[in-house]
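Below is one structure, written out as structure tokens, with a few remarks after it.
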Amino acid sequence: MSDVMDNFNWLYGKPECQGRIKVQPEHFVVNENLGFDFAGTGEHFMVKIRKTGENTKYVVNELAKACGVKSRDVSWAGLKDRHAVTEQWLSVHLPGKPDPDLTQFVAEHPGVEVLETARHDKKLRPGDLIGNWFQLRLTELDKPQDVIDRLEQIKLQGVPNYFGEQRFGHHGNNVVKARAWGNDEFRVRDKSKRSFYLSAARSWLFNMVLSSRIEQGLVNTVMAGDWLLGESEHCVAESVTPELEAKVTCGELAITAPMMGDNALPTTAEAEAMEMAVVEQEPLLLKLIRDNRMRHERRSLLLKPQQMEWLQDGDDVVVSFALPAGCFATAVVRELMIERELEDGDHANFDQ
């Protein structure tokens, strides 16, 4: 991984083990979990694919040709990594038309398999999934036992819920551009670029606050004024009580950090002061977010992988886990090992 993430602290200290990931696509497996059933009828032809070494948008364009529609008529719940083996659903808008024969499509694209098809009454939209299941093979580990020890800690306590480096662009370029835009050095009219830069700005500030709490030993400690989030309740910690601390410890409530917007923070007291002291270190990113009227949101500080299992295979470790939508497998890998540079000085590319 690139040095962009070196700006942020590790929860368990910087790993001692070096290794490789994604030497082959089969070393990074991702299976999508939509979390709902299809209607069985409707205008949308649903196609579950397994792709190897292919970009989601490329497959979308090719599937559109095979179905005789425009690319905009094919949609997805989430973009998936190119340098991997991934399973996901795509939806094709085919009102009044029969299910197309995809035999030729599969024959012409050896990196793509069609696993299932169905019909549904709604199109897939970005975010229409509850999470992803990952299986990663970490290879050429010089200290595999260190990775195993860290996995034991992660299973119990989780990892920092950082946005991964892919959110920030190559060498953090999206953050650089966001600062320049915030400084009125240029205008951004392209919708996709606006989205990339604004997302990078908010994610960077979130990572900064999270990293600061790790540095201060406060990632598991409730501060006065913290905004606590749970499945059935949320609240401000007006005071730090044993009851609140117990709910955080058992996972009923989660300590959060800001996805900054133009409205006031819901935190108060010490927590608000700490968050503002951190984000104000990036005045151009803060100005950009406010100028574009982004709305404030909250995100949990910690990410606890589910269904976590692993096995050691010589100097390799194979680990599998499930993560909610919007969370990054790179946040887990980052706490396990330092990625060894490839011979050309580049790094394995995460672009999911």
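The values are calculated or read from the model by the stated rules, or taken from the named source; none is laboratory data. If you're wondering where the values come from, they're calculated on a predicted model, not measured in any experiment. Using ideal geometry, Cβ is built from the backbone for each residue, glycine included, and neighbour counts are taken over all protein chains shown. What goes into the accessible areas is simple: the full protein's heavy atoms, side chains included, and nothing from ligands, DNA or RNA. Shrake-Rupley method; radii C 1.70, N 1.55, O 1.52, S 1.80 Å.
Each residue in region 167-186 was checked for being over 14 Å from residue 6 (Cα atoms) and buried (at least 17 other Cβ atoms within 10 Å of the Cβ), and 9 pass. Provide a single number: the residues in region 53-66 that are at pLDDT 95 or above and either in contact with an Asp or Glu (Cβ under 8 Å, 6 or more places away or on another chain) or among the acidic types (Asp, Glu) (or both). The qualifying residues number 2.
Does at least one position in region 205-222 carry a residue that is of a type in the set (Lys, Arg), open to solvent by 20 Å² or more (accessible area, probe 1.4 Å) and on the phi < 0 side of the Ramachandran plot? Looking through region 205-222, none of the residues is of a type in the set (Lys, Arg), open to solvent by 20 Å² or more (accessible area, probe 1.4 Å) and on the phi < 0 side of the Ramachandran plot. The residues listed here are 48, 80; of these, the one that is outside any loop (DSSP other than H, G, I, E, B), in contact (Cβ under 8 Å) with a residue 24 or more places away in the chain and either charged (D, E, K, R) or in contact with a Cys (Cβ under 8 Å, 6 or more places away or on another chain) (or both) is 48.
Among the residues of region 3-32, those that are farther than 21 Å from residue 155 by Cα and open to solvent by 70 Å² or more (accessible area, probe 1.4 Å) comprise 3, 6, 7, 24, 26. Does region 203-225 include one or more residues that are in a loop (DSSP other than H, G, I, E, B), of a type in the set (A, V, I, L, M, F, W, C), in the same structural domain as residue 283 (by the TED database) and within 21 Å of the chain's Cα centre (by Cα)? Within region 203-225 (the criterion being in a loop (DSSP other than H, G, I, E, B), of a type in the set (A, V, I, L, M, F, W, C), in the same structural domain as residue 283 (by the TED database) and within 21 Å of the chain's Cα centre (by Cα)), the answer is yes, since at least one residue qualifies. Regarding residue 113, is this residue in a strand (DSSP E or B), surrounded by fewer than 17 Cβ atoms within 10 Å (Cβ to Cβ) and in contact (Cβ under 8 Å) with a residue 24 or more places away in the chain? Yes, satisfied.
Determine if region 77-95 includes at least one residue that is farther than 28 Å from residue 47 by Cβ and either touching a Ser or Thr at 6+ places or on another chain (Cβ under 7 Å) or surrounded by fewer than 22 Cβ atoms within 10 Å (Cβ to Cβ) (or both). No, that holds for no residue. Tell me the residue from 161, 132 that is touching an Asp or Glu at 6+ places or on another chain (Cβ under 6 Å), under 22 Å from residue 202 (Cβ atoms) and touching a residue at least 40 places away in the same chain (Cβ under 8 Å), please. Only one candidate passes the filter, namely 132. Just a yes or no: is a residue in region 187-201 without any contact (Cβ under 8 Å) to a residue 24 or more places away in the chain, surrounded by fewer than 22 Cβ atoms within 10 Å (Cβ to Cβ) and of a type in the set (S, T, N, Q)? Scanning region 187-201 turns up at least one residue that is without any contact (Cβ under 8 Å) to a residue 24 or more places away in the chain, surrounded by fewer than 22 Cβ atoms within 10 Å (Cβ to Cβ) and of a type in the set (S, T, N, Q). Before we move on, is residue 103 in the same structural domain as residue 47 (by the TED database) and either surrounded by fewer than 19 Cβ atoms within 10 Å (Cβ to Cβ) or within 27 Å of residue 16 (Cα to Cα) (or both)? Here the answer is yes, as residue 103 does meet what is asked. Test residue 19 against the criterion of being modelled with pLDDT of 95 or more and assigned to a strand (DSSP E or B), and give yes or no. Spelling it out, residue 19 is indeed modelled with pLDDT of 95 or more and assigned to a strand (DSSP E or B). Note on region 126-150: residues that are assigned to a helix (DSSP H, G or I) and more than 24 Å from residue 4 (Cβ to Cβ) amount to 4. Taking region 227-344 and the strands (runs of 3 or more DSSP E) fully enclosed by it, the elements with 2 or more residues that are open to solvent by 70 Å² or more (accessible area, probe 1.4 Å) are at 306-313.
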